[in-house]
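Peer 1: Below you will find the structure I want to go over with you.
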Amino acid sequence: MSRSTISTFKLFEMFPDETTAREYLEGRLWPNGPKCPSCASTERITTRKGGFYRCNACQLDFTVRTGTIFGRSHIPLHKWVHAMYLLVTARKGISSLQLAKQIGISQHAAWFMLQRLREACSSPDNIDKLKGVIEIDEAFFGGKEKNKHARKKLNAGRGSVGKTAVLGMRERGGRTRAKVIADRTLHTIQQEIHKQVEVGATIYTDEGVAYADLNGLFFRAASVNHGAGEYARGVVNTNSIEAVWAVLKRGILGVYHSASAKHLDRYVQEFAFRLNEGNVSRHTFERLDSLIDAVVGKRITYKQVTA
């Protein structure tokens, strides 16, 4: 086994119970000691039993779960750690049914647990913009019109009709960003590009009309014409972002089988996070720590997920 890999058996040996997992999470999230999630104070903190702390500055009782995706969950923390390990190490994801079997909880609880973890995978709006050479493309997810029941058919054509559009951007040799977009208009797509890509970057796309006027004041841009059978012209291609779609679609079809438009963006964020933070050249604990760092301030309730 690679020196950068921790086996499932080894992980269970390291975190066999709630206490060992809690101490690990506290050490990662509070490297300088307990920190109040309300007033951010690290002083005047009183230690209580069972992993509880009291902030004497604002009179809040809290644990390492407070203000995170673990908040108000009855699932033991060592099962959360194991679920996070599986999410960052499974290249195409893990289904709720499989997770339920792995950690001994109900499939219903495992589904909600995975939705919380996907929420943690979402990128904040203030992250660094993509730089250098960026490949941009769209992908479409949803059933084929010909396979739908008659009452669900839109009868508006073929191709992307009735499917959900996802816009993806990938740095050559770097980070990936992807998200579900409401529509494919020039305004929507270029707004996302300006939000995610640094001015002066080089952008490679296909022949889509939304990319037609990118080459100019803000970016250097070039495209390949897939419709004419052109997939590369020297260094100009979209092969890297299309490789992202290949992994995502295989995961959706092979592991999850389907993803509704309502929840699709969380699945997209999960795959983007794993591409960015789950490189197998990084030690398993580095990948795990990246997800742990992302859990703060990302709590989501069951009512919000199912609304």
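Bear in mind that the values in this text are calculations on the coordinates, not laboratory data. Just so it is clear, the model here is predicted, and its values are computed rather than measured. Cβ coordinates were reconstructed from backbone atoms using ideal geometry, including for glycine residues, and neighbour counts include every protein chain displayed.
Peer 1: R0 = 41 Å: FRET efficiency of K49 with A261, Cβ-based, nearest 0.05?
Peer 2: Efficiency, rounded to the nearest 0.05: 0.35.
Peer 1: If you don't mind, there's one more thing I want to ask. Work out, step by step, the length gained on full extension between V296 and Q190: first 0.36 nm times the residue separation, then minus their alpha carbon distance; give nm to one decimal.
Peer 2: That works out to 35.1 nm of additional length.
Peer 1: OK, next. Could you order peptides 169-180, 207-218, 265-276 by the average number of other Cβ atoms within 10 Å of their residues, highest first? Each step should come with its number before you reach the end.
Peer 2: Numbers: 169-180: 19.2, 207-218: 13.9, 265-276: 22.2.
Top to bottom by mean Cβ count within 10 Å: 265-276, 169-180, 207-218.
Peer 1: Among T89, T284, T47, which one shows the biggest mean-square fluctuation in a GNM of the chain, springs joining Cα atoms closer than 10 Å?
Peer 2: Checking each option, the largest mean-square fluctuation is seen for T47.
Peer 1: Using a Gaussian network for the chain with springs between C-alpha atoms less than 10 Å apart, which of these wobbles most: Q59, Q190, Q102?
Peer 2: Sorting by GNM fluctuation, first place goes to Q59.
Peer 1: So for the pair C58, V199, with labels modelled 7 Å out along Cα→Cβ, what separation do we get in nm?
Peer 2: For the pair C58/V199, the computed spacing is 3.7 nm.
Peer 1: Straight-line reach from K49: which aspartates and glutamates fall under 12 Å, measuring Cα to Cα and dropping same-chain residues less than 8 apart?
Peer 2: Correct list for K49: D61.
Peer 1: Quick check on my link table: of K92/K195; K101/K195; K79/K163, which ones sit more than 32 Å apart, alpha carbon to alpha carbon?
Peer 2: Checking Cα-Cα distances, K101/K195; K79/K163 exceed 32 Å.
Peer 1: Identify the residues of the stretch 93-115 with backbone N under 15 Å of a label point that sits 7 angstrom from the Cα of V247 along the Cα-to-Cβ direction, or state none.
Peer 2: 93-94
Peer 1: For the residue pair N225 and R282, what label-to-label distance in nm results when each label sits 7 Å from Cα along the Cα-to-beta-carbon direction?
Peer 2: Roughly 4.1 nm, to one decimal.
Peer 1: State the extension gain, in nm to one decimal, for the chain segment bounded by Q107 and K129, taking 0.36 nm per residue of separation less the distance between their alpha-carbons.
Peer 2: Stretched out fully, the Q107 to K129 stretch lengthens by 4.2 nm.
Peer 1: In the set [x] 15.4; [y] 19.6; [z] 18.6, which value of mean projected area of the Cα convex hull in nm² was calculated from the structure you see?
Peer 2: [y]
Peer 1: Of E43, E192, E277, which is the most mobile in a GNM of the chain whose springs link Cα atoms less than 10 angstrom apart?
Peer 2: Looking only at E43, E192, E277, the biggest GNM fluctuation is shown by E43.
Peer 1: Hey, what number do you get for the chain at 222 nm if only DSSP H runs of n ≥ 4 count, each worth -39500 (n - 2.57), divided across all residues, to the nearest 500?
Peer 2: It comes out at -10500 deg cm²/dmol, rounded to the nearest 500.
Peer 1: Let me ask you something else. Can you pull out the trypsin sites (Lys or Arg not before Pro) in the stretch 1-88 whose DSSP state is coil and whose Cβ has at most 14 other Cβ atoms within 10 Å? Each step should come with its number before you reach the end.
Peer 2: Values: sites: R3, K10, R22, R28, K35, R44, R48, K49, R54, R65, R72, K79; in loops: R3, K35, R44, R48, R65, R72.
Here the sparse-neighbourhood loop sites are R3, R44, R48, R72.
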